[in-house]
């Protein structure tokens, strides 16, 4: 039994008990929402309760790793997911609903200042909703352009990540400022 399967057993056991699990993700498929080295809190969920734009954690059987990607909808009892960074280079993936472990409820941010983003907070839900509506359309429109010019595609992806990172920073600072001023409590 390798480390990936041991980690899977530990996380699934906690989720089955109804407990939240903290995980440190690696990789860049969810930039700028989730950066490597930050921590995500995953809660148990039913696939029927998922809303478009939610970030889900699922088990990838091919690579024997957990993947956290954004949920877009259902098709033939499969979930459609995609990373935030993967505009055109990767298609939307089909995930079997039995592989879904839970939903990301919170992201602990270390890059800007210590704090966290509550995924259920209204401005964060609006940010997720806008991203979910724009990302597939954007990928569909820009995919032919990226196939012709890799250089242009890489420049666009870099600029897009910077713009999304800046908008997420603003959302984060508004949320943290409201907590510090006592407008809402820690979740």
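The values are calculated or read from the model by the stated rules, or taken from the named source; none is laboratory data. Just so you know, these numbers come straight off a predicted model, no measurement behind them. Note: ideal-geometry Cβ built from the backbone for every residue, glycine included; neighbour counts use all protein chains shown.
Yes or no, residue by residue, for (1) surrounded by 13 or more Cβ atoms within 10 Å (Cβ to Cβ); (2) within 17 Å of residue 119 (Cα to Cα); (3) free of Cβ contacts under 8 Å to residues at least 24 places away in the same chain:
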{"site": "13", "(1), (2), (3)": "no, no, yes"}
{"site": "20", "(1), (2), (3)": "yes, yes, no"}
{"site": "28", "(1), (2), (3)": "yes, no, no"}
{"site": "40", "(1), (2), (3)": "yes, yes, no"}
{"site": "78", "(1), (2), (3)": "yes, no, yes"}
{"site": "95", "(1), (2), (3)": "yes, no, no"}
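Evaluated against (1) under 17 Å from residue 26 (Cα atoms); (2) modelled with pLDDT of 75 or more, residue 85 falls short on exactly one condition, (2). Taking the criterion of being assigned to a strand (DSSP E or B) and at pLDDT 90 or above, the residues of region 24-58 that qualify are 40, 41, 42, 43, 55, 56, 57, 58. Hey, does region 158-168 have a residue that's surrounded by 14 or more Cβ atoms within 10 Å (Cβ to Cβ), under 26 Å from residue 82 (Cα atoms), touching a strand residue (DSSP E or B) at 6+ places or on another chain (Cβ under 9 Å) and modelled with pLDDT of 65 or more? Yes. For region 8-21, the criterion of being closer than 23 Å to residue 109 by Cβ and part of a loop (DSSP other than H, G, I, E, B) is met by at least one residue.
Being within 23 Å of residue 158 (Cβ to Cβ) and under 16 Å from the mean Cα position of the chain (by Cα), is that true of even one residue in region 50-58?
For region 50-58, residues within 23 Å of residue 158 (Cβ to Cβ) and under 16 Å from the mean Cα position of the chain (by Cα): present.
Mind counting the residues in region 163-179 that are free of Cβ contacts under 8 Å to residues at least 60 places away in the same chain and under 20 Å from residue 30 (Cα atoms)?
Final tally of qualifying residues: 6.
Give 135, 98 a once-over and let me know the one that is in a helix (DSSP H, G or I) and at pLDDT 75 or above.
On inspection, the qualifying residue turns out to be 98.
Answer yes or no as to whether residue 116 is at pLDDT below 75, assigned to a loop (DSSP other than H, G, I, E, B) and under 19 Å from residue 57 (Cα atoms). When the stated conditions are applied, residue 116 does not pass them. Here residue 125 meets each of (1) at negative phi; (2) outside any loop (DSSP other than H, G, I, E, B); (3) modelled with pLDDT of 85 or more with one exception, condition (3).
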